[in-house]
Amino acid sequence: MTTTIEASAPILELTDVGKSFGNIHALRDVSLSVRAGEVTCILGDNGAGKSTLIKIISGLYKHDTGTYHVAGKPMNCSSPRDALDCGIATVYQDLALVPLLPVWRNFFLGSELTIGPWPFRRLDVAAMRRIADEELQKMGIHVPDIDQPVGTLSGGQRQVVAIARAIHFGAKVLILDEPTAALGVKQSGVVLKYISAARDAGLGVIFITHNPHHAYLVGDHFVILRQGMLDLSSPRAELTLDDLTHHMAGGAELEALKHELQRIDVPDLGAVHDAQEKENA
Amino acid sequence: MTAGGDPARITKRSLGRRFVTRPEVGSLVGAIAVFALFFAVAMPFRELDSLSTVLYASSTIGIMAVGVSLLMIGGEFDLSAGVGVITSALAAGMFAYELSLNVWVGAGLALMLSLGIGFLNGYMVVKTKLPSFLITLSMFLMLQGLNLAVTRTVTGSVASPPISDMDGFASAQKVFSSTFTVGGVSVQLTVLWWILFVALATWVLLRTKVGNWIYAAGGNADAARAVGVPVNYTKIGLFMTVGFMAWFVGMHNLFRFNTVQSGEGVGQELIYIAAAVIGGCALMGGWGTAIGAAIGALILGMAQQGVVYAGWNPDLFMFFIGATLLIAVVLNLWVRTRAHRR
Ligand SMILES: Nc1ncnc2c1ncn2[C@@H]1O[C@H](COP(=O)(O)OP(=O)(O)OP(=O)(O)O)[C@@H](O)[C@H]1O
Ligand SMILES: [Mg+2]
């Protein structure tokens, strides 16, 4: 495999990146590198700064401090379009697809194929339908009807359509913001499978999630954010699922919480119970 | 295979249901019903001449409905479309008359003005991110005031000056307001323009990039932006398309009647929106067709003339539109929930 050479040079490299909103430090001194053929998992609690980080990576926000390089050059994309041209594709949980548009139109949205000279330039409908169908087949999803509105697909299928689209349009880096958050076990499994398919296709994948189990199934490198700062950044080899879960839950904090819960549990509920019984009587 | 549907589910989306969930099918049924109604109750409605009158009434609503429906599919409204027609006609008349220009030059200046108004509407909507309802309501009120005030200041009356003896009037009238004869019946040229605009809009919507962008901008603007669709340009372009159509209908009014009353146009914007909605365009965008809007305009045209032919109180026209609209929106709701159901 040639990936050993590629793997040594990161596609994306963030060094000591920071971002503030007014006096809120959403991110401080975050360093991260993303390599081709690797899945980098970003974990963290609500408000830890995950979304802010990916918005910087995908060019929606400009970082305040630190440096951000794409393929060795400073990143200066200011729109999702620019970022796409740099090979960075982002699949957001909710805003990946247009529900009422047919599958094939969604697949090519923003990158439509056309034929004919200008005043008569038109969509190459036949080619678009065929390619969309082929690409989805390649990913192993069988959409019953390429003309059906995307809104009629299941949540997992929709994510996979978005992933297939990013891969087809030559993304080098694929960012997935909590793709499994709203999905059931089976559907999550489908999405995780395609995440590893994307990695095997040579993409650098950034996978944002709350769920250490999902992360550990596909991740090569794990980053945990806490209150805008790096809490952990470690390759898979140096970590077990237990470590990850422990870190993710806040380690020591969890132990304390466990104790606390054990202490209050019984007497408090008992008291509530008594009170209720008195009321009923 | 986990990601695929099982075959039993797939067959459910039958050909019949796909037909029923087309945006324009409900309105087509409606059009046939309205036609049958007036055919039954109004004797004069059955004559060929009446058909020509109905088509003419439909075309003046329908040309505007083309722009308004595209805009609505793109997720926005234009409440200034009705008075915008009059603004354009007044401007062309007054420019030509006051500056003693060829009427074509006046028409050209009016076109700039109409496109400019459309641009301003669109620019303010995408910059402020306020609902287009508010922006274009403001524009509507401002234009309504300006139409009256500027006309009175410039001409000293409530109408634009007569321009029928000016250079270029004859040729402009040929383009915007002439008639042709088919099978002994005289038909307004606007009917052909209407068909042309509908065909063009249909082609753009279904067969070009821009059409894809219009549906996406109205269906999920954030998703469209995230994959690189220039949503803001698309929306501004749609407002300018409404501006263009307003200019076209304005020119028709001007060259048909030679002069235009400055207080007209108020309330028409709702007729255009009604045509689009009756034709199956979703109020919130992302769904609809230009052909649907044309059928909507046809229903309104039939109603407008049918009420007269039937000898009913003409005031009932508005009631009729209201009732049709109500039925259409309920029908749309039903179709949409069916389309979404798996
Ligand atoms: N546009 C903004 N303006 C002001 N503060 C912001 C903005 N965006 C994010 N923040 C703040 O930055 C912090 C990090 O937010 P962020 O959305 O990145 O968290 P997150 O890790 O994605 O959380 P979640 O898991 O809930 O999605 C939060 O305290 C949030 O309030
Ligand atoms: Mg977030």
Identify, by number, the condition in (1) more than 11 Å from chain B (Cβ to nearest Cβ); (2) more than 16 Å from ligand 1 (Cβ to nearest atom); (3) at positive phi that A:E178 doesn't meet. (2)
Being within 20 Å of the chain's Cα centre (by Cα) and basic (K, R) is the filter here; which residues of region A:133-168 pass it? A:R158, A:R165
Criterion first (part of a helix (DSSP H, G or I), open to solvent by 10 Å² or more (accessible area, probe 1.4 Å) and modelled with pLDDT of 70 or more) does B:F35 satisfy it? yes
Can you pull out every residue in region A:184-212 that is open to solvent by 30 Å² or more (accessible area, probe 1.4 Å) and within 16 Å of ligand 2 (Cβ to nearest atom)? A:H210, A:N211
Taking the conditions exactly as written (of a type in the set (G, A, S), at pLDDT 85 or above and within 22 Å of A:S111 (Cα to Cα)), does A:G66 satisfy them or not? no
Can you work out which of the residues in region A:32-65 that are open to solvent by 40 Å² or more (accessible area, probe 1.4 Å) and more than 16 Å from ligand 2 (Cβ to nearest atom) is nearest to the other protein chains (Cβ to nearest Cβ)? A:K62
What is the one condition in (1) over 16 Å from B:S262 (Cβ atoms); (2) part of a helix (DSSP H, G or I) that B:A110 does not satisfy? (1)
For region A:232-249, name all the residues that are open to solvent by 60 Å² or more (accessible area, probe 1.4 Å) and over 17 Å from A:I206 (Cβ atoms). A:A237, A:E238, A:T240, A:D242, A:D243, A:H246, A:H247
A:G47 passes all but one of the listed conditions (1) under 15 Å from the mean Cα position of the chain (by Cα); (2) under 14 Å from A:I224 (Cα atoms); (3) not polar (S, T, N, Q); the exception is number (1)
Taking into account only those residues within region B:217-239 that are more than 7 Å from chain A (Cβ to nearest Cβ) and over 21 Å from A:R122 (Cα atoms), which is least open to solvent (accessible area, probe 1.4 Å)? B:F239
The condition from (1) open to solvent by 20 Å² or more (accessible area, probe 1.4 Å); (2) within 11 Å of chain A (Cβ to nearest Cβ); (3) at pLDDT 95 or above that B:I214 misses is numbered (1)
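Quick grid of which residues meet (1) closer than 27 Å to A:D82 by Cα; (2) within 16 Å of ligand 1 (Cβ to nearest atom):
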site: A:R158; (1), (2): yes, no
site: A:V191; (1), (2): yes, no
site: A:S196; (1), (2): yes, no
site: A:N211; (1), (2): no, yes
site: A:Y216; (1), (2): no, no
So A:D147 passes all but one of these: (1) over 16 Å from A:G87 (Cα atoms); (2) out of contact with any helix residue (DSSP H, G or I) (no Cβ under 6 Å at 6 or more places or on another chain); (3) within 16 Å of ligand 2 (Cβ to nearest atom). Which condition number does it fail? (3)
So which residues in region A:91-133 are at pLDDT below 90 and not in a loop (DSSP other than H, G, I, E, B)? A:V91, A:W118, A:P119, A:F120
If A:I167 meets every condition in (1) facing chain B (nearest Cβ under 10 Å); (2) free of Cβ contacts under 8 Å to residues at least 40 places away in the same chain; (3) not basic (K, R) apart from one, which number is that one? (1)
Here's a check for you: in region A:169-181, which residue that is more than 13 Å from the chain's Cα centre (by Cα) and farther than 15 Å from B:A226 by Cβ is most open to solvent (accessible area, probe 1.4 Å)? A:K172
Residues being open to solvent by 10 Å² or more (accessible area, probe 1.4 Å) and over 19 Å from B:T136 (Cβ atoms): count how many of those fall in region B:76-99. 5
Test set (1) within 13 Å of the chain's Cα centre (by Cα); (2) free of Cβ contacts under 8 Å to residues at least 12 places away in the same chain - A:A215 fails condition number: (2)
Only one of A:G116, A:G155 is closer than 18 Å to B:L205 by Cβ and more than 7 Å from chain B (Cβ to nearest Cβ); which? A:G116
Checking the structure you have, find out if any residue of region A:87-96 is open to solvent by 50 Å² or more (accessible area, probe 1.4 Å), within 14 Å of chain B (Cβ to nearest Cβ), polar (S, T, N, Q) and under 20 Å from A:L176 (Cα atoms). yes
Within region A:134-150, work out how many residues are in a loop (DSSP other than H, G, I, E, B) and more than 9 Å from chain B (Cβ to nearest Cβ). 1
A:I24 vs (1) surrounded by fewer than 20 Cβ atoms within 10 Å (Cβ to Cβ); (2) within 16 Å of ligand 2 (Cβ to nearest atom); (3) within 22 Å of B:A226 (Cα to Cα): all pass except (3)
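The values are calculated or read from the model by the stated rules, or taken from the named source; none is laboratory data. From a predicted model like this one, the values you see are computed outputs, not experimental measurements. Note: ideal-geometry Cβ built from the backbone for every residue, glycine included; neighbour counts use all protein chains shown. Ligands, DNA and RNA are excluded from the accessible area calculation, which covers all protein heavy atoms including side chains. Shrake-Rupley method; radii C 1.70, N 1.55, O 1.52, S 1.80 Å.
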